[in-house]
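Reading through the structure tokens given below for one structure.
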Amino acid sequence: MINSDIIAQTKVFVKKTLEGAEGGHDWFHIERVYNNTMLLAKDEAVNQLVVALGALLHDIADAKFYNGDETVGPKMATDFLRSIQVDEKIIDHVVKIIENISFKSSLKVDDATTAKPFTSLELQVVQDADRLDAIGAIGIARAFNYGGFKNREMYNPEIAPNLNMTKEEYKKSTAPTINHFYEKLLLLKDKMNTKSGAKLAEQRHLYMIAFLEQFYNEWKGKL
């Protein structure tokens, strides 16, 4: 099967699987990350099929919607890719991207394991593309959409952001949405892997800073 057919079938699978998904993690999120990925990949020596499939399948079963189970997504992706007879080396690489792409994977773990994390240029490209969709105007919209989905407060001045969370604390957090800016979104600019990703992240980061200033002024009745 040629790569274009594999990608086309994967798009159909992902669209079907994510029907009715939460608005920040639906097919349109996948489509944006895929487009970002292919844009960034133009400047990098990557396996085009790996980054395309990694982008399309990275949130096929986000653990936060499966009681924190991080095995569902990799298994679902593996089963699908095998069903359309994708090469096992490609599958293995795509699964490793799914397992390592998330922000929480960069946080310290409670059991202090020292296993060396997986890395590849393909992971870095898809990760940057995903992070770009978590910041800027889209990132703000996604953050508040998810906060509403989970019935969280928008902001509570009495609840300070936790800037030193472990992975498990991050997964269990029920903090107000504004805290999420300090606990994740504002940190992403300096975590970009590629030059192209970092350049695109800069403007989106500044947009979030301006939004927060406006938000606090309105909250305090200054505007």
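The values are calculated or read from the model by the stated rules, or taken from the named source; none is laboratory data. Note that the structure is a prediction, hence the values are computed from the model and not measured. For neighbour counting, all protein chains shown are included, and Cβ atoms are generated from backbone atoms with ideal geometry for every residue, glycine included. For the accessible areas, the whole protein counts, side chains as well, though only heavy atoms, and no ligand, DNA or RNA atoms are used. Shrake-Rupley method; radii C 1.70, N 1.55, O 1.52, S 1.80 Å.
Screening 141, 129 for residues that are within 28 Å of residue 220 (Cα to Cα), modelled with pLDDT of 95 or more and within 15 Å of the chain's Cα centre (by Cα) leaves exactly one candidate, 141.
Against the definition (modelled with pLDDT of 90 or more, among the hydroxyl-bearing types (Ser, Thr, Tyr) and assigned to a loop (DSSP other than H, G, I, E, B)), how does residue 119 come out, yes or no? So residue 119 fits the description; yes. Any residue at all in segment 8-30 that's open to solvent by 70 Å² or more (accessible area, probe 1.4 Å), within 20 Å of residue 128 (Cβ to Cβ) and not in a loop (DSSP other than H, G, I, E, B)? Among the residues of segment 8-30, at least one is open to solvent by 70 Å² or more (accessible area, probe 1.4 Å), within 20 Å of residue 128 (Cβ to Cβ) and not in a loop (DSSP other than H, G, I, E, B), which makes the answer yes. Inclusion of residue 177 among residues that are under 19 Å from the mean Cα position of the chain (by Cα), without any contact (Cβ under 8 Å) to a residue 60 or more places away in the chain and under 30 Å from residue 91 (Cβ atoms) is not warranted. Here segment 174-197 is the region considered, the condition is being assigned to a helix (DSSP H, G or I) and hydrophobic (A, V, I, L, M, F, W, C), and the residue that is farthest from residue 156 (Cα to Cα) is 188.
Among the residues of segment 62-78, the ones that are under 14 Å from residue 101 (Cα atoms) and touching a Lys or Arg at 6+ places or on another chain (Cβ under 7 Å) come to 0 in all. Tell me, yes or no, whether segment 184-195 has at least one residue that is farther than 26 Å from residue 57 by Cβ and either within 18 Å of the chain's Cα centre (by Cα) or open to solvent by less than 30 Å² (accessible area, probe 1.4 Å) (or both). Yes.
Restricting attention to segment 208-221, the residues being out of contact with any Pro (no Cβ under 9 Å at 6 or more places or on another chain), exposed (fewer than 15 other Cβ atoms within 10 Å of the Cβ) and either modelled with pLDDT under 95 or not polar (S, T, N, Q) (or both) number 7. Given the structure, is residue 171 in a helix (DSSP H, G or I), buried (at least 16 other Cβ atoms within 10 Å of the Cβ) and modelled with pLDDT under 90? Answer is no for this residue. For residues in segment 46-59 being modelled with pLDDT of 95 or more and part of a loop (DSSP other than H, G, I, E, B), which is nearest to residue 150 (Cα to Cα)? Ranking the candidates gives 58 first. Of all residues in segment 75-92, none are without any contact (Cβ under 8 Å) to a residue 40 or more places away in the chain, on the phi > 0 side of the Ramachandran plot and open to solvent by 50 Å² or more (accessible area, probe 1.4 Å). Out of 200, 212, 206, I need the residue that is part of a helix (DSSP H, G or I), aliphatic (A, V, I, L, M) and touching a residue at least 40 places away in the same chain (Cβ under 8 Å). Which one? Unique residue meeting the criteria: 200.
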